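Below you'll find the structure, written out as structure tokens, and then a few comments.
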Amino acid sequence: MQHNAWVRFLEKGTRPTQRKVPTNPVQRRVQELVRFTQQLQRVHPNVLAKALSRGILHQDKDIVVINKPYGLPVHGGPGVRLCISEVLPILAKVLHGHKAEPLHLCHRLDKETTGVMVLAWEKEVAHQIQELFRTRQVAKKYWAVTVRVPVPSAGVVDIPIIEKEVQGQQQHHKMTLSPSYRMDRGKVVRVRASQNARVAVTQYQVLSSTVSSALVELQPVTGIKHQLRVHLSFGLDCPVLGDHKYSAWNKLAPQKLPAGTLKRLGLEQSKARYIPLHLHARQLTLPPLGFRKEELQLVCRLPHFFVHSLRRLGLEMPDQDENGHNETRPLEAQ
């Protein structure tokens with residue numbers, strides 16, 4: 001759904017206010033980012049369900065594929081005002097009438113991640129698709145904007161991941177790397193593997209780059225919590241733009257960005273906390289299932305803020321042919 005439409009949904013039912021447009025360009029940019037990140041937090045579930053129905057990527061008698069917006073968690077929890085699971089009964093009724101049974105989740109995305117999300121009409125179908133995800137039969141491609149450029153420009157990160165408690169002023173838990181080897185007096189020494197560490201493998205390729213940023217395509221072979229963010233930040237030293245959790249290990253603080261990147265984004269460092277996570281579930285390929293005898297390739301367009309950042313950073317947007325192959329082209333002004 002277009003950004004202006006989301007804003008209209010957001011403002012529905014609220015008291016009319018006169019919104020002053022800041023004259024300071026940094027303040028204007030901050031206001032824009034705040035709108036992007038908060039626009040789904042106040043809408044009514046019925047309004048959200050209708051908005052999701054307008055952005056459906058694919059629908060058949062087994063599944064519905066939606067474009068998950070930014071900032072919308074999949075499940076409820078402390079402080080969560082609205083979530084995907086809450087609107088599934090309403091979305092089903094929007095699509096199939098008032099007697100429709102609720103849709104079922106087939107997998108999950110993080111609150112801050114946008115893109116392709118698969119729902120099923122029947123619980124049995126949902127379980128079948130969940131099993132396809134669990135057994136790695138679903139091919140997944142994500143796009144991320146990174147701070148700095150991965151070296152080499154294509155490769156595989158094969159480093160186990162473990163969850164650990166971070167000590168300090170703000171005690172918290174993070175996923176982190178648990179490598180099988182370390183350097184000891186100039187020699188590579190094998191480390192005893194932790195029982196809690198899980199195998200994590202990510203294939204990556206730089207699609208476009210500048211001196212200080214890149215558009216990277218990621219193909220997770222495994223599905224560990226926060227795997228892509230951890231492998232990019234701690235494995236390649238190229239955190240996702242807007243990743244305020246994994247850009248530093250020992251603290252929870254707004255991502256610190258190079259001066260050149262801030263200038264291109266039209267921000268000051270003090271306002272970096274408003275930058276959303278630039279991680280997008282771009283494509284899923286489902287194997288044959290049920291009545292469908294061929295694989296199903298699902299591609300989801302980038303959210304507005306992501307495209308806007310690509311343009312500001314001077315990164316090019318790849319075209320994709322029907323087989324999902326990329327061909328880089330300059331971004332056109334909208």
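Order these peptides, 24-33, 83-92, by their mean beta-carbon neighbour count within 10 angstrom, highest first.
Highest to lowest by the protection proxy: 83-92, 24-33.
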Worksheet entry | Vicinal HN-Hα couplings computed from phi for segment 192-203 (Karplus, 6.51 cos²θ - 1.76 cosθ + 1.60; Hz; Gly/Pro x) | 5, 5, 6, 5, 8, 6, 10, 4, 9, 10, 10, 8
Worksheet item: R292: net charge of surrounding residues, Cβ under 12 Å, Lys/Arg +1, Asp/Glu -1, itself excluded?
Response: -2
Fill in: Two-site FRET efficiency, D237 against L95, from Cβ-Cβ distance with R₀ of 30 Å, rounded to 0.05
0.10
Worksheet item: Summing +1 for each Lys or Arg and -1 for each Asp or Glu, what net charge is found among the other residues whose Cβ lies under 14 Å from the Cβ of P239?
Response: +3
Discussion item. Rounded, prolate or oblate, given the Cα gyration tensor of segment 177-334, with a/c below 1.5 counting as rounded?
Written reply: oblate
Worksheet item: Could you give me the ³J(HN,Hα) list for segment 64-79, computed from phi with Karplus coefficients 6.51, -1.76, 1.60 and θ = phi - 60°, whole Hz, x at Gly and Pro?
Response: 10, 10, 10, 9, 6, x, 5, x, 10, x, 6, 10, x, x, x, x
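Do the alpha carbons of any pairs in K245/K271; K174/K263; K68/K99; K164/K225 sit beyond 18 Å of each other, and which pairs?
Cα-Cα > 18 Å for K174/K263; K68/K99; rest within.
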Worksheet, complete the sentence: Per the helix-only model, the chain has a calculated mean residue ellipticity at 222 nm (DSSP H runs of ≥4, -39500 (n - 2.57) each, divided over all residues, rounded to the nearest 500) of -7000 deg cm²/dmol
Worksheet item: Counting only residues 5 or more places away or on other chains, whose amide H sits under 5 Å from the amide H of K111 once H atoms are built in the peptide plane?
Response: V74
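Only Cα pairs under 8 Å and at least 6 apart count here; give the relative contact order of the chain as a rounded whole percent.
It comes to 16 percent, rounded to a whole number.
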Worksheet item: V211 label point, 7 Å along Cα→Cβ, cut-off 13 Å on backbone N: hits in segment 259-286?
Response: 259-264
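Per residue, how much accessible surface does the chain expose to a 1.4 Å probe? Answer in Å², no decimals.
Counting only protein heavy atoms, the per-residue value for the chain is 54 Å².
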Worksheet item: Under a GNM of the chain (C-alpha, springs under 10 Å), which listed residue has the highest mean-square fluctuation: T202, T210, T261?
Response: T210
Item to complete: For K256, list long-range residues whose amide hydrogen, built 1.01 Å from N in the peptide plane, is under 5 Å from its own amide hydrogen.
Response: none
Worksheet item: Long-range amide H contacts for A139: which residues qualify at under 5 Å (H placed 1.01 Å from N, peptide plane, sequence gap of 5 or more or a different chain)?
Response: T285
Worksheet entry | In Hz, Karplus ³J(HN,Hα) per residue of segment 224-230 (6.51, -1.76, 1.60; θ = phi - 60°; x = Gly, Pro) | 7, 3, 6, 4, 5, 5, 5
Discussion item. How charged is the neighbourhood of S270? Take every other residue with its Cβ under 15 Å from the Cβ of S270, and add Lys/Arg as +1 and Asp/Glu as -1.
Written reply: +4
Practice prompt. Using a 10 Å cut-off on Cβ atoms, rank the peptides 227-237, 191-201, 68-78 from the highest mean neighbour count down.
Written response: 227-237, 68-78, 191-201
Item to complete: Whenever you get a sec, compute what percent of the accessible area on the chain sits on carbon and sulfur atoms (1.4 Å probe).
Response: 48
Practice prompt. Give, in nm to one decimal, the length gained when the segment between E32 and N46 is fully stretched (0.36 nm per residue of separation minus the Cα-Cα distance).
Written response: 2.5 nm
Fill in: Distance between modelled label sites at K123 and K187, nm, 7 Å Cα→Cβ extension
5.8
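The values are calculated or read from the model by the stated rules, or taken from the named source; none is laboratory data. Quick caveat: nothing in here was measured; it's all calculated off a predicted structure. Cβ atoms come from the backbone with ideal geometry, glycine included; neighbour counts cover every protein chain shown. Each accessible area value is taken on the protein alone, full model and side chains, heavy atoms only, with ligands, DNA and RNA left out. Shrake-Rupley method; radii C 1.70, N 1.55, O 1.52, S 1.80 Å.
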